[in-house]
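Before any comments, here is the structure.
The values are calculated or read from the model by the stated rules, or taken from the named source; none is laboratory data. Computed from a predicted structure; not experimentally measured. When we count neighbours, we look across all protein chains shown, and the Cβ atoms used for this are built from the backbone with ideal geometry, even at glycine. When the accessible area is computed, the model is the full protein with side chains, heavy atoms only, and any ligands, DNA or RNA have been set aside. Shrake-Rupley method; radii C 1.70, N 1.55, O 1.52, S 1.80 Å.
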Amino acid sequence: MIPLSYIVALSAFLFCVGVFGVLTRRNAIGILMSVELILNAANINLVAFNRYSNGTDALGQVFSLFVIAIAAAGSVVGLVLIIAIYRNGKSIFVDKYDLMKW
Amino acid sequence: MAELVFFVIAAAICFFAVLVVTSHDIFHSSVWLAMTLLSVAGLYFYLDAPFLGVIQVLVYVGGIITLFVFAIKLTAHIGDKSIVQTNRQTIFAGLCCLILFALLMNMLQHSCHGPFPHSEPISLKQLGQSLVSVYVLPFEFISLLLLAAMVGAIAIGRDKK
Amino acid sequence: MVNVAHLIPLFPFLAFLINIAFGGKLKNACGPVSVAASAISFVLALFVYQGFRSGGGSYSLGTWLSLGDTPLNFGVMVDGLSIMMLLVVTFIGTLIQIYSIGYMQGDPRFSRYFAYISLFMASMLGLVIADNFVMLYIFWEGVGLCSYLLISFWFEKPAAARAGLKAFVTTRIGDTGLFLGILLLFFTTKTLSFHDLQQISEGHGTVLAIVAVLVFIGAAGKSAQFPLHVWLPDAMEGPTPVSALIHAATMVAAGVYLVARTYPLFLVDPFALQTVAVIGGISALLAASIATVNNDIKRVLAYSTVSQLGLMMLGLGVGGYAAGTFHLMTHAFFKALLFLCAGSVIHAVHTQDIWKMGGLFSKMRVTATTFLIGTLAIAGVPPLAGFWSKDEILSAAYQNGHTVLFGVAVLTSFLTAFYMSRLIFVVLFGKPRSNLHPHESPATMTVPLMILAVFAALVGFVGSPLAHHAFQGFVGGGESSAASQANGGMMILSTVISLAGIGLAYLIYILNVNVLPAGMLSRLNGLHQLLLNKYYIDEIYDAFLVQPFLGLCRISYKIDLGVVDDLVNGVARFVAALSEFLRPMQTGLVQNYLLVQIVGLIILILTLGKLCFRY
């Protein structure tokens, strides 16, 4: 099998791509998608380290299961929020919502 | 042979992920996201975690992506191609992400000189047993969380008129 | 029963709290609340008197604070002088408040009036029982504050607001003197207690004389002595019962009381006593002469008060400690009576100009009779109160060898008799001069008048030779035993003076006899003008003190506006400009913040990696 560092590098790349998406997407749904990428990057790490560890503990896989569940919950709530915002302001471009400034 | 499979999967993941964040059409993005997630599921199979791979396909591709598509369609008219989908900090953000990646690679180079697996992969039985024995409490909490998210989603999403 | 003395000021203060807090709800019940409070205080004062007679004395409620090594006690002064003041203040105060219920009926700030009056009483009573300078000073300022509040009670009238301000500022000059005196006293002798004044008088001669003079400046401010007397006539803008209270029981009495209380200080150096006597003499003569020409019923009484206070100071200054305090007490009764009568008259005719009144005797019998009694008392006709106390002062001045001051006192007595008779003759007798419809005042006003009239007539006996100078013995004026010897000649002289003054006024204002040759009259015109304009003292103050000060204020205002304000505003503007420059940092866009966060993460990795993990 390939060395662990390859997989970690892949996960790092996926993470950075996700961060880039979060930073640049105007569409809130796009941001949410990028967050999913970041979560997947984390999951890859968890599974890989679990596979490459010595023990017989299933911690890594259990943890990624949890992450998937939480991600599902998170994106559900996030999407509902986006739809609620859209209903109020007729836009889901985050740069339209700059109410947080001074 | 095994290495080749990995490189194919890795290339697919990278390729689709980049498309997700750069695509001009948000609907296309969601399709590329589905492809990315499928590739990640493939990676799970490669890493001897077939159960996770199946869950990935079921939950992500089957559930979450569907939700995304619904949300996109509900907010349809702004997904128009003529509208710029990226904001003004794109170049700087890209630069930052590159630096971040470089730093992470640098750290990896210094720290992780990959050990190779020399144990048996976790069996499904093992996974199932640990879920309902050692990790039963977090497991229950996750169910609670999902319930709360569901109730919350209904409460927020309900049209108050 | 002496140790209830500290409760005496508490009841009026309680009434103040009740009236100020629940005045809106109590409405007309405010008056009775205040009256009840001071009546209780009066009863307590009687108990204290009883206790003192059976051997009680001053006591302390414990230490308040330590000034260096000197403990400052919550002391309560119980001696003849303070008991006399307690009785007079609570008794007259109660009557005046009863009177006020009638007088202030229907005033929109009825409850507040009684709240202030009660606070005034509380301050004055606190001042009387204070046994050290610091407590006295606190209550002293309380009295000043209340006088300000009450004089400008009808603050809608600009004249009233100005009068209140004038009273406050003028007495403040005196207060500064008192404060400096207190500081100097503490600095030299390390004590502030009145009990120690007797002992410390040895060894600090000159300094204590300065202290005494400074204290006297404070007393002069409160008691309206020349040259700080200008506020008192203007204080007539307040409600008439307030004038009565200020003139009889609370405000101006405080000054004389202070001098009497700190008398040992004055005894140290003849110079201090001399100052007191001379200032008192000047005030007495000056005010009496102004009163002879003034046409405002309340102002005549106000100048009369200045004059009588001058006499008290003169009495104290020539060594007649008992004489001065005796006059303080008798004066409190008849001056309260006179003011309340004047208030009753004003209440009836709604004017203060005596030349618009006249012939009121038949219309307002009670008021007029009591007014007459008060006038005879102040004029010094035997056997009314003023006779005995004035006689004491004259005797003191004469027997201690102050010939000039004795002359001044005699002249003042003559003028007093003259202007008071003039007032009475013009207001009560003759024909009505304008179309007024006077009516007798309600019972709440006339009953206090009658009570006060009885006291004004009889209170003098407690200090008369007939009662073996019981009063003098009580307040402890042992040093004036020579003065208090029955002096038949002095009594005859005093009576003659009074009757001469009354007779002259009778000739001029009732019989309309031209007492002076025609040529003399025109020559006196200048003097008349001088008196009418109160010796131009207000004008002199205005030109030499007020205007330069206002000019200075205007310059300061400009400086404040141009330099200080601009400096402060400049700082504010600088900060505002800086903020304007920094404000765009807060874009409100989540992704900007996140980007900054990522940059931060990069920096963190770079530095931490270098420092901790040596990548």
Query raised in the report: Considering region C:522-539 alone, what residues qualify as being open to solvent by less than 80 Å² (accessible area, probe 1.4 Å) and part of a helix (DSSP H, G or I)?
Result: C:L524, C:G526, C:H528, C:L530, C:L531, C:L532, C:K534, C:Y535, C:I537, C:D538
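Residue-by-condition table, conditions (1) among the hydrophobic types (A, V, I, L, M, F, W, C); (2) assigned to a helix (DSSP H, G or I); (3) touching a Leu at 6+ places or on another chain (Cβ under 6 Å); (4) closer than 22 Å to C:E392 by Cα:
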site	(1), (2), (3), (4)
C:F271	yes, yes, no, no
C:A288	yes, yes, yes, yes
C:V300	yes, yes, yes, no
C:Q308	no, yes, no, yes
Query raised in the report: Just a yes or no: is a residue in region B:39-58 over 27 Å from A:L59 (Cα atoms) and either crowded, with 17+ Cβ neighbours inside 10 Å or under 12 Å from the mean Cα position of the chain (by Cα) (or both)?
Result: no
Query raised in the report: Being surrounded by fewer than 19 Cβ atoms within 10 Å (Cβ to Cβ), within 7 Å of chain B (Cβ to nearest Cβ) and either farther than 16 Å from B:F70 by Cα or of a type in the set (S, T, N, Q) (or both), is that true of even one residue in region A:21-38?
Result: no
Requested in this report: For region A:39-71, enumerate the residues that are within 30 Å of B:F27 (Cα to Cα) and facing chain B (nearest Cβ under 7 Å).
Outcome: A:N40, A:I44, A:V47, A:S64, A:L65, A:F66, A:I68, A:A69, A:I70
Query raised in the report: What helices (runs of 4 or more DSSP H) lie completely within region B:1-55 and have 3 or more residues being more than 10 Å from every other protein chain (Cβ to nearest Cβ)?
Result: B:2-22, B:26-46
Query - Single match in A:G18, A:G74 (criterion: more than 7 Å from every other protein chain (Cβ to nearest Cβ), surrounded by fewer than 23 Cβ atoms within 10 Å (Cβ to Cβ) and without any contact (Cβ under 8 Å) to a residue 60 or more places away in the chain) - result: A:G74
Query raised in the report: Across region C:575-596, what is the number of residues that are under 60 Å from the mean Cα position of the chain (by Cα) and among the hydrophobic types (A, V, I, L, M, F, W, C)?
Result: 4
Report summary line: If we ask which residues in region B:94-117 are modelled with pLDDT of 90 or more and within 7 Å of another protein chain (Cβ to nearest Cβ), their number turns out to be 6
**Report entry** Single unsatisfied condition, A:S64 versus (1) assigned to a loop (DSSP other than H, G, I, E, B); (2) buried (at least 21 other Cβ atoms within 10 Å of the Cβ)
**Finding:** (1)
Query raised in the report: Taking the condition in a helix (DSSP H, G or I), of a type in the set (A, V, I, L, M, F, W, C) and at pLDDT below 70, does C:L516 pass?
Result: no
Report summary line: How many residues of region A:77-89 are closer than 14 Å to A:M33 by Cα and more than 7 Å from chain B (Cβ to nearest Cβ)? The answer is 1
Report summary line: Within region C:61-97, the count of residues that are of a type in the set (A, V, I, L, M, F, W, C) and under 30 Å from C:P239 (Cβ atoms) comes to 12
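Let's see how each residue does on (1) out of contact with any Cys (no Cβ under 7 Å at 6 or more places or on another chain); (2) open to solvent by 100 Å² or more (accessible area, probe 1.4 Å); (3) under 26 Å from A:G60 (Cα atoms):
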site: B:I122; (1), (2), (3): yes, no, yes
site: B:K125; (1), (2), (3): yes, yes, yes
site: B:S133; (1), (2), (3): yes, no, yes
site: B:V136; (1), (2), (3): yes, no, yes
site: B:I142; (1), (2), (3): yes, no, yes
site: B:L146; (1), (2), (3): yes, no, yes
site: B:A149; (1), (2), (3): yes, no, yes
site: B:A153; (1), (2), (3): yes, no, no
site: B:R158; (1), (2), (3): yes, yes, no
Query raised in the report: Given the conditions (1) touching a residue at least 40 places away in the same chain (Cβ under 8 Å); (2) of a type in the set (A, V, I, L, M); (3) assigned to a helix (DSSP H, G or I), and given that C:A36 satisfies all but one, which numbered condition is not satisfied?
Result: (1)
**Report entry** Scan of region A:1-15 for residues that are more than 7 Å from chain B (Cβ to nearest Cβ) and open to solvent by less than 30 Å² (accessible area, probe 1.4 Å), ordered by number
**Finding:** A:I7, A:S11
Requested in this report: Quick one: which helices (runs of 4 or more DSSP H) lie wholly within region C:340-430 and hold at least 2 residues that are more than 30 Å from C:G102 (Cα to Cα) and modelled with pLDDT of 85 or more?
Outcome: C:403-428
